[in-house]
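A.B. asks: Have a look at this one before I ask anything.
What follows is calculated from the coordinates using simple rules that are stated; it is not laboratory data. From a predicted model like this one, the values you see are computed outputs, not experimental measurements. Cβ atoms come from the backbone with ideal geometry, glycine included; neighbour counts cover every protein chain shown.
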C-alpha cells in the first residue's frame, strides 16, 4: 500500500494548494485531489512537476507500507 504524503509536504513548505499548482504548472484540481488523497494514481509528468515545485523526491511524496 502507498501512503500519500502530498499534504504533509505542502504543509512543510507552508504553501497553499493554489501556490503549489501555479509553481508546478499543474491544474488546481489535480493538486487538490492529491492533497486530499482522492486519486487512484498520478501521471509521471505531474509527479515530476510536483517534485520540482516542492523541491523533493517521489519518496518524500509517497511511502510504501507493506500490507
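A.B. asks: Say we look at the stretch 17-27 and pick out the residues that are surrounded by 14 or more Cβ atoms within 10 Å (Cβ to Cβ) and without any contact (Cβ under 8 Å) to a residue 12 or more places away in the chain; which of these is nearest to the chain's Cα centre (by Cα)?
C.D. replies: 21
A.B. asks: In addition: Looking at (1) under 11 Å from the mean Cα position of the chain (by Cα); (2) surrounded by fewer than 12 Cβ atoms within 10 Å (Cβ to Cβ); (3) free of Cβ contacts under 8 Å to residues at least 24 places away in the same chain, can you tell me which one residue 45 breaks?
C.D. replies: Going through (1) under 11 Å from the mean Cα position of the chain (by Cα); (2) surrounded by fewer than 12 Cβ atoms within 10 Å (Cβ to Cβ); (3) free of Cβ contacts under 8 Å to residues at least 24 places away in the same chain one by one, residue 45 breaks only (1).
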